[in-house]
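Bear in mind that the values in this text are calculations on the coordinates, not laboratory data. Quantities reported herein were computed from a predicted structural model and do not represent experimental measurements. Quick reminder, even Gly has a Cβ in these numbers, built from the backbone with ideal geometry, and neighbours come from all protein chains shown.
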Amino acid sequence: MIPPRFEYFAPSTLEEAVEILGRYGGEAKVLAGGQSLLPVMKLRLAEPKALVDINRIPNLSYIREEAGGLRIGSTARTNDLNDSDVVKRRYPILSDAAAVIADPLVRNMGTVGGNVSHGDPANDLPACMLALGAAFVVRGPKGTRTIPASSFYKDTFVTTLEPDEILTEIQIPKPKAGQGNAYEKLEKRAGDFPIVGVAANLILGANKKIESAGIGLTAVGPTALHAKAAADSLVGQAPGDAAFKRAADLAMKLAEPVSDLRGPAEYKRAMVGVFAVRALRTAAKRAGGGA
Ligand SMILES: Cc1cc2nc3c(=O)[nH]c(=O)nc-3n(C[C@H](O)[C@H](O)[C@H](O)COP(=O)(O)OP(=O)(O)OC[C@H]3O[C@@H](n4cnc5c(N)ncnc54)[C@H](O)[C@@H]3O)c2cc1C
């Protein structure tokens, strides 16, 4: 299908992009990789009057580690996460997720910023951002603001982004000694959207007990879910299956899966438990402790 008619803009600065978005008063959309937006336009699920292509804006596609942690420019491609040494070595949860997102063609076009801003509960990266305690830097007409991932996701395709705001950077705290993380995804076929995905991040203290934890869930709610109670239950515990299964039970309680072509709700809820334990085991191993 052909998408409806729209005006196309390719600004070369963020200021210009924000101004065009504002001019259309909610009827324009940011175009990044186009891998989610164009399909929904072709299906007439979105009919924006204008697209603001942010790909010509310079210095928006970096991945670099700074004193505070990892900084990902919003138009860095999903595949750039796979190609990045620093991501593989120090933020392996992101390589886990990027490796199982769609296929190489989609990963070469789709952006990290688009994946996290789209608000699709089946996108894999939002759960990782929740587990890692990431923050999103956003530019709008009034300047820049930083939104924690934990308060970004509101509902299906609804985030705290205003229509005239552009996500410019994703900030991930620098890993501490004793930190490990992992993303586990259950999919029907390689490259499919997830039936269920679980992101886990653990920090072990000097006594090898869990000092802090983060857990995010994909595709089992109206939006990516921050499984805070599950993660908090791990604090002070020894990393091992006893603690992991208690946390997995809490994650299953939080999940609100629906029955669809990917499986019945009860199956999905059970898989949250299985995949939470798997993600936590891998995170603990990477943190240098646990089974
Ligand atoms: C066949 C196929 C399979 C896929 N499988 C998976 C999968 O398994 N897992 C997965 O996670 N994803 C999957 N995707 C989605 C893919 O990862 C998309 O690339 C991603 O969801 C959106 O990124 P994008 O850069 O293409 O964004 P676009 O399609 O350009 O935009 C998506 C939305 O986000 C908004 N947006 C984009 N960038 C910004 C920004 N910087 N600031 C503000 N708003 C912005 C747009 O306005 C739009 O509303 C799949 C896509 C396809 C076509």
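Worth a mention:
- Gyration tensor verdict on the stretch 7-53 (Cα atoms; rounded if a/c is under 1.5, prolate if a/b is larger than b/c, oblate otherwise): oblate
- Cα gyration tensor, the stretch 132-262 - rounded (a/c under 1.5), prolate or oblate: oblate
- The order of the peptides 264-275, 112-123 by mean Cβ neighbours within 10 Å, most packed first, is 112-123, 264-275.
- Estimated FRET transfer efficiency (Gln237, Leu38; beta-carbon r; R0 51 Å; 0.05): 0.65
- Vicinal HN-Hα couplings computed from phi for the stretch 4-20 (Karplus, 6.51 cos²θ - 1.76 cosθ + 1.60; Hz; Gly/Pro x): x, 5, 8, 7, 10, 10, 10, x, 10, 9, 5, 4, 5, 4, 5, 5, 5
- Among 200-206, 68-74, the order from most to least packed when residues are scored by Cβ within 10 Å on average: 200-206, 68-74
- Descending by average beta-carbon neighbour count within 10 Å, the peptides 232-243, 180-191 line up as 180-191, 232-243, the highest first.
- Per-residue extension of 0.36 nm, minus the Cα-Cα distance of Tyr62 and Arg5, leaves a gain of 17.3 nm for this segment.
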